[in-house]
Amino acid sequence: MTQNPYLWLIPTLPLAGAAINGFLGRRSSKKAITTIALTFPGLAFALALKIALGFSSAAAPYVFNLAHWIRSGSLGLPNYFTADFAFYLDQLSLVMLLVVTGVGFLIHIYSVGYMSDDPGYYRFFSYLNLFMFFMLTLVLANNYLVMFIGWEGVGLASYLLIGFWFTKDSAASAGKKAFIVNRIGDFGFLIGLFLIIQHFGSLNFTDVFAKVQPLAAETTGAGLLTAIGILLMVGACGKSAQIPLYVWLPDAMEGPTPVSALIHAATMVTAGVYMVARSHVIFERAPMALTVVAIIGTLTALFAATIGITQTDIKKVLAYSTVSQLGYMFMACGAGAFSAGIFHLMTHAFFKGLLFLGAGSVIHAVGGEQDMRKMGGLRSYIPWTTATMGIATLAIAGIPPFAGFWSKDEILWKAYQAHWVYWLIGAITALITSFYMFRLLFMTFAGDYRGTQVDSHGHAHSAHGDHGHGEPHESPAVMLVPLIILAFLSLVGGLVGIHNGFEHFLEPVFGSEFPKTITEGSGNTEWLLMGFSVLFSFTGLILAYVLYVSKPYLPAKIAASLGAFYDAVLNKYYVDEIYAKVFVKPLVDGSTKILWQGVDRKVIDDTVNNAADGARQVSDEVRHMQSGNVRSYAGWIASGAAVVIAYMIWWGTR
């Protein structure tokens, strides 16, 4: 393995930017804050490009050990455990590195214009830089423990950014919801890591995968690898917003629009996909776990897409679209086509990041309005935003030759090879995706303007008033340049997949592993399925045009004719209400509320009031537990988990 002396600087630079603006930003000028906020992520992107240009597949993976971290047990004995704070760069992490730094830097530039008048300007960029540090730590991690630090770190940064406007109850609640739901997924992730430590004695990727490779596939039932795979998928469901833990992502739209673009479209929500792909050696030997991944991804893709049809908030449409597209990525991974999943992850970062930034440009143009029913006709007011969002819509709809066509077609082909049902649901989802995205495009930019006029001072005027003074306005250049760059990438970014070029690049990571569950099919079948995919995409476009341009009175009639079913979809199948009644309400009402009041008064208050004596007594008892044996620690945590699960079972049978 070859050392790369620049690798450690890439995550460290955004961390430095976060620290400088975080500690000094309140007393700094806006120009100084902007300089710090852009310089450090920009340098990280430049270094990533330098490393990419000098990257050699023959010499990969590159490893950089920053420090010896955890040493436990005795060298040479079974209880010996070590974990270094180290970074690891191969073809897979290089793709993620370029996506995070490249798209992240563009979103930083855009944010300079979008957040220019916000009083928390310095705080916003400090959080944004902090997020980049944790996300880069996650994708460059050399072992699961360092990955988990980045994993939890992006959760923290997400909480801070979703609830950035913390004086709004809805934003504060959305931040808490995201944090809590992600903790549920993280519980499964942690248990999976404990099993890896117990049975393989390491969390280092190289060591763990080397011990897993000789193991036979668990084709006759569920075994250790199946359990680990499913637990890792639980963690991925939380971070990447899959059924049943997807509910936090739509609410996360309460954060500023650049946050939606960076965290909830291009980077953080793809962490679960990356983790599953990184753990492919485990999943390929656990067919049942792979099936779970495929089923969850396929159902999530269809489920979220149907909800997107009825949403009228422009950011909510994109939020459910993100959930659906992440489902596509998991469907690919579940089919054993990990490279196809990562390919779509990359192209999705281009066009979905562009869609969110374009939505922010629209919201900026109309004075903060997000309801598409109050838009329309904006193509004549904001032509650059219209053109770039049009390109992104063509890309996500899978229209050739835009980027989304290449990656989505690759997923559908591999899904068909795994099982025709996956292809069928994926193809139907592609049609629905095309429909609701062109619906968004036509409702926002076509027809006549239906909203209020907003002047340079933020004052609203009638839509039929003085069009010379209060018309919607195009965004400044600092916001438009990132849109244009992402539009170019959304147009040509998929060309790297021609002749399976992207798959060949990732072959050293995925290609030489355990035989895939998919098999080679005939070229004629692939072309036929591609034709159906394109046909479905154009069908969605035509339906959207007919319903929202040609005959705009039809949607209301169709909604009325569908009755209760339409209401269910409009209300997101009442999933939030069900969760509130089944999980949330029991924790705050009745005997549970009395229990927690007792805990507050008798335990927390007494502990604080008698802190000194309590600390001495507790520390005297607890110090005997600190044996230095990692397996012992895992045992204590597993015991605690068993108690929690036992309580949940007992409570559920009452």
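Residue check: is Ile296 open to solvent by 10 Å² or more (accessible area, probe 1.4 Å), within 22 Å of Leu541 (Cβ to Cβ), out of contact with any His (no Cβ under 7 Å at 6 or more places or on another chain) and not polar (S, T, N, Q)? Criteria not met by Ile296.
Is the stretch 219-227 home to any residue that is crowded, with 24+ Cβ neighbours inside 10 Å and over 26 Å from Pro555 (Cβ atoms)?
Here is the first cut: in the stretch 219-227, the residues crowded, with 24+ Cβ neighbours inside 10 Å are 225.
Filter once more, so that each one left must be over 26 Å from Pro555 (Cβ atoms): 225.
Yes, because at least one residue in the stretch 219-227 is crowded, with 24+ Cβ neighbours inside 10 Å and over 26 Å from Pro555 (Cβ atoms).
Scanning the stretch 497-536 for residues that are modelled with pLDDT under 90, of a type in the set (Gly, Ala, Ser) and not in a loop (DSSP other than H, G, I, E, B) yields Gly497, Gly501, Gly523. So in the stretch 106-164, with the set limited to residues that are farther than 23 Å from Ala86 by Cα and polar (S, T, N, Q), which one is surrounded by the fewest Cβ atoms within 10 Å (Cβ to Cβ)? In this case the residue turns out to be Ser116. Of all residues in the stretch 240-249, none satisfies being out of contact with any Pro (no Cβ under 6 Å at 6 or more places or on another chain), open to solvent by less than 20 Å² (accessible area, probe 1.4 Å), part of a helix (DSSP H, G or I) and under 16 Å from Met147 (Cβ atoms). Selection within the stretch 369-398: residues that are open to solvent by 10 Å² or more (accessible area, probe 1.4 Å), part of a loop (DSSP other than H, G, I, E, B) and in contact (Cβ under 8 Å) with a residue 60 or more places away in the chain. The member of this set that is farthest from Thr429 (Cα to Cα) is Tyr381. Against the test of being open to solvent by less than 40 Å² (accessible area, probe 1.4 Å), farther than 30 Å from Asp118 by Cα and either of a type outside the set (Lys, Arg) or over 14 Å from the mean Cα position of the chain (by Cα) (or both), the options Leu262, Leu232 yield a single qualifying residue, Leu232. Quick one: is Ser561 hydroxyl-bearing (Ser, Thr, Tyr), in a helix (DSSP H, G or I) and in contact (Cβ under 8 Å) with a residue 60 or more places away in the chain? When the stated conditions are applied, Ser561 does not pass them.
The set of residues in the stretch 18-34 that are surrounded by 14 or more Cβ atoms within 10 Å (Cβ to Cβ) and more than 21 Å from Gly153 (Cβ to Cβ) comprises Leu24, Ser28, Ala32, Ile33, Thr34.
Step by step: first the residues of the stretch 1-17, then only those that are in a helix (DSSP H, G or I) and not small (Gly, Ala, Ser), then the one that is surrounded by the most Cβ atoms within 10 Å (Cβ to Cβ). Which residue is that? The residue in question is Pro14.
Does the stretch 178-199 include one or more residues that are surrounded by 16 or more Cβ atoms within 10 Å (Cβ to Cβ), assigned to a strand (DSSP E or B), hydrophobic (A, V, I, L, M, F, W, C) and in contact (Cβ under 8 Å) with a residue 24 or more places away in the chain? Scanning the stretch 178-199 turns up no residue that is surrounded by 16 or more Cβ atoms within 10 Å (Cβ to Cβ), assigned to a strand (DSSP E or B), hydrophobic (A, V, I, L, M, F, W, C) and in contact (Cβ under 8 Å) with a residue 24 or more places away in the chain.
Of all residues in the stretch 200-222, those satisfying the criterion of being in a loop (DSSP other than H, G, I, E, B) and touching a Pro at 6+ places or on another chain (Cβ under 9 Å) are Gly201, Ala217, Glu218, Thr219. Using the structure shown, decide if Thr312 is in contact with a strand residue (DSSP E or B) (Cβ under 9 Å, 6 or more places away or on another chain), at pLDDT 90 or above and among the polar types (S, T, N, Q). Yes, satisfied.
Within the stretch 327-362, the set of residues being open to solvent by 10 Å² or more (accessible area, probe 1.4 Å) and either among the aliphatic types (A, V, I, L, M) or in contact with a strand residue (DSSP E or B) (Cβ under 7 Å, 6 or more places away or on another chain) (or both) comprises Met346 only. Of all residues in the stretch 258-289, which are assigned to a helix (DSSP H, G or I), farther than 18 Å from Lys177 by Cα and among the polar types (S, T, N, Q)? Listed by number, the list holds a single entry, Thr270.
Within the stretch 520-548, track down each residue that is more than 17 Å from Ile432 (Cβ to Cβ) and surrounded by 15 or more Cβ atoms within 10 Å (Cβ to Cβ). Steps first, please.
From the stretch 520-548, those more than 17 Å from Ile432 (Cβ to Cβ) are 520-531; that's our starting set.
Passing the criteria: Glu526, Leu529, Met530.
The residues of the stretch 536-558 that are touching a residue at least 12 places away in the same chain (Cβ under 8 Å) and either in contact with a His (Cβ under 8 Å, 6 or more places away or on another chain) or hydrophobic (A, V, I, L, M, F, W, C) (or both), listed by number, are Phe536, Phe538, Leu541, Leu543, Ala544, Leu547, Val549.
The values are calculated or read from the model by the stated rules, or taken from the named source; none is laboratory data. This one's a predicted model, so the numbers in the text were calculated from it and none came from an experiment. Neighbour counts run over all protein chains shown; Cβ positions are idealised from the backbone, glycine included. We work out accessible area using only protein heavy atoms, side chains counted, and drop any ligands, DNA or RNA first. Shrake-Rupley method; radii C 1.70, N 1.55, O 1.52, S 1.80 Å.
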